[in-house]
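As structure tokens, the structure follows; a few thoughts come after it.
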Amino acid sequence: MQQQVSPKGKPKSGIARVAVVGTGVIGASWAAYFLAQGLEVSAVDPMPQAEEKLRAAIARHWPSLQALGLAEHASQERLRFDDQLEAALEGADFVQENGPEREDLKIDLFRRMDAALPAQVVLASSSSGLLMSKVQAACRHPQRVVLGHPFNPPHLIPLVEVIGGAQTSPEAVQTALDFYAAIGKKPIHVRKEVKGHIANRLQAALWREAFHLVEQGVASTEDIDTAIAYGPGLRWALMGPYLNLHMSGGEGGIQHLLDHLGGPIESWWADLGAPALTDALKATVRAGVEEQMTGKSSTDIAAERDQLLVQLLAAKSRARVIP
């Protein structure tokens with residue numbers, strides 16, 4: 001996961017300084033990752049004590065990043081914090097925006113960033129749901145606005161979804177894809193703007209059936225977590241759904257599987273639920289999760305989760321055939 005560098009020590013992406021706009025949970029995680037990749041980071045956030053919280057978050061993330069391997073020149077000291085947007089943007093080669101999920105706020109924020117930076121600097125948003133076609137509407141250079149949606153936590157999870165808006169240039173999309181790949185991410189190009197992009201839509205499909213099964217009394221929240229964490233989730237952590245299906249087909253591969261299990265799969269699709277998040281269902285789910293958390297600490301679980309993620313990512317990096 002270390003950044004690729006040229007023989008002269010410069011990043012192959014040509015990007016040396018990233019402006020991180022908004023330093024909440026996602027922004028702080030991004031900032032830690034960029035620093036671990038040997039980049040300079042200039043950060044900005046208007047919230048009180050934002051700098052103190054950011055530096056504390058980076059310090060918490062650093063041991064995991066060290067375990068994964070730091071790039072040359074990686075240092076927490078390469079972080080600069082400003083409380084003014086334009087000051088933080090000065091000298092930036094790339095922008096990773098992480099502000100609140102409000103369309104009106106994003107439109108104005110991107111208008112200001114667009115006015116402050118040279119036209120070739122890509123402006124990427126971490127938005128989980130907003131469409132770049134709307135966010136870029138007030139920009140003089142809308143062609144450089146892209147979505148660079150990470151998967152939480154960005155300092156550990158490699159996936160980044162890159163999407164252009166209606167006015168985004170192919171060059172800006174490619175620049176973003178190349179940059180994320182150069183710093184060890186696994187970027188994918190989402191060809192069309194859709195709500196929730198790709199990964200969140202796939203998650204939402206699973207969540208829908210998980211809530212439906214609880215609502216119907218088929219399983220407890222713990223049963224469902226166990227079913228995923230000790231069943232398909234283990235395989236999905238190694239390969240995605242299509243390659244897993246292909247492997248399940250034996251010598252005949254995915255064609256054999258679809259020919260023989262296509263009918264049953266369609267019957268399962270037809271039987272999937274469409275629950276509503278009523279107060280009663282929310283209460284049932286909350287009670288189930290609270291029971292699962294008895295005697296456990298969210299902080300301890302998060303720390304152990306991150307440790308296991310580091311070990312899994314390290315193991316995957318040694319794989320020779322599995323993508």
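The values are calculated or read from the model by the stated rules, or taken from the named source; none is laboratory data. Quantities reported herein were computed from a predicted structural model and do not represent experimental measurements. Every residue, glycine among them, receives a Cβ derived from its backbone with ideal geometry; neighbour counts consider all protein chains shown. For the accessible areas, the whole protein counts, side chains as well, though only heavy atoms, and no ligand, DNA or RNA atoms are used. Shrake-Rupley method; radii C 1.70, N 1.55, O 1.52, S 1.80 Å.
Each Lys and Arg adds +1 at its Cβ and each Asp and Glu adds -1 at its Cβ; summed about the Cα centre, the stretch 1-148 shows a dipole of about 440 debye. Expressed to the nearest 5 percent, the antiparallel share of DSSP beta bridges inside the chain is 20 percent.
Counting every C-alpha pair in the stretch 6-88, the share spaced more than 20 angstrom apart comes to 29%.
If each DSSP helix of 4+ residues adds -39,500 (n - 2.57) and the sum is divided by the residues in the chain, what number results at 222 nm, nearest 500 deg cm²/dmol?
Values: 13 runs with 159 residues, N = 323.
Helices in the chain give a 222 nm mean residue ellipticity of -15500 deg cm²/dmol.
Per residue, the stretch 1-154 exposes 44 Å² of solvent-accessible protein surface, assessed with a 1.4 angstrom probe and all protein chains in place.
For the chain, what D do you get in µm² per second when you plug the Kirkwood radius from alpha-carbon pairs into Stokes-Einstein at 20 °C and 1.002 mPa s? Intermediate values should be presented prior to the final figure.
On the way: Rh = 21.6 Å.
So the translational diffusion coefficient is about 99 µm²/s.
Averaging 1/r over each pair of different alpha-carbon atoms in the stretch 1-160 and inverting the result gives 15.7 Å, the Kirkwood hydrodynamic radius.
Note that the stretch 216-323 presents 75 Å² accessible area per residue, ligands and nucleic acids not counted, probe 1.4 Å.
In the chain, the portion of solvent-accessible area held by carbon and sulfur atoms comes to 56 percent [1.4 Å probe, whole percent, DNA, RNA and ligands not counted]. Each Cα pair of the stretch 83-187 feeds into the Kirkwood radius, which the Stokes-Einstein equation turns, at 10 °C and 1.306 mPa s, into a diffusion coefficient of 117 µm²/s. Based on alpha-carbon atoms, the Kirkwood radius and the radius of gyration of the stretch 262-323 give Rg/Rh equal to 1.19.
When only Cα pairs under 8 Å and 6 or more residues apart are kept, what is the percent relative contact order across the chain?
14
If only the Cβ of Lys and Arg carry +1 and only the Cβ of Asp and Glu carry -1, the dipole of the chain around its Cα centre is close to 940 debye. Put simply, the Cα atoms of the stretch 190-323 extend 45, 39, 32 Å along their principal axes, the longest span coming first.
Looking at the stretch 234-307, the trypsin sites (Lys or Arg not before Pro) that sit in a DSSP loop and have at most 11 other Cβ atoms within 10 Å of their own Cβ are Lys296. Rounded to two decimals, the Cα radius of gyration of the stretch 139-236 over 2.2 N^0.38 Å is 1.39. Across the stretch 174-179, computed HN-Hα scalar couplings (Karplus, 6.51 cos²θ - 1.76 cosθ + 1.60, θ = phi - 60°) run 5, 4, 5, 4, 5, 5 Hz from first to last residue, x flagging Gly and Pro.
Based on every Cα atom in the stretch 59-109, Rg and the maximum pairwise Cα distance Dmax equal 14.8, 40 Å.
Note on the stretch 236-295: Kirkwood radius taken over Cα pairs, Stokes-Einstein applied at 25 °C and 0.890 mPa s, translational D equal to 166 µm² s⁻¹. All C-alpha to C-alpha distances of the stretch 90-131, sorted into 5 Å bins beginning at zero, yield P(r) values of 5, 23, 34, 22, 13, 3 percent in whole numbers.
Of the residues Leu202, Pro170, Met247, the one whose Cα sits farthest towards the positive end of the charge dipole of the chain is Pro170 (charges of +1 on Lys and Arg Cβ, -1 on Asp and Glu Cβ, taken about the Cα centre).
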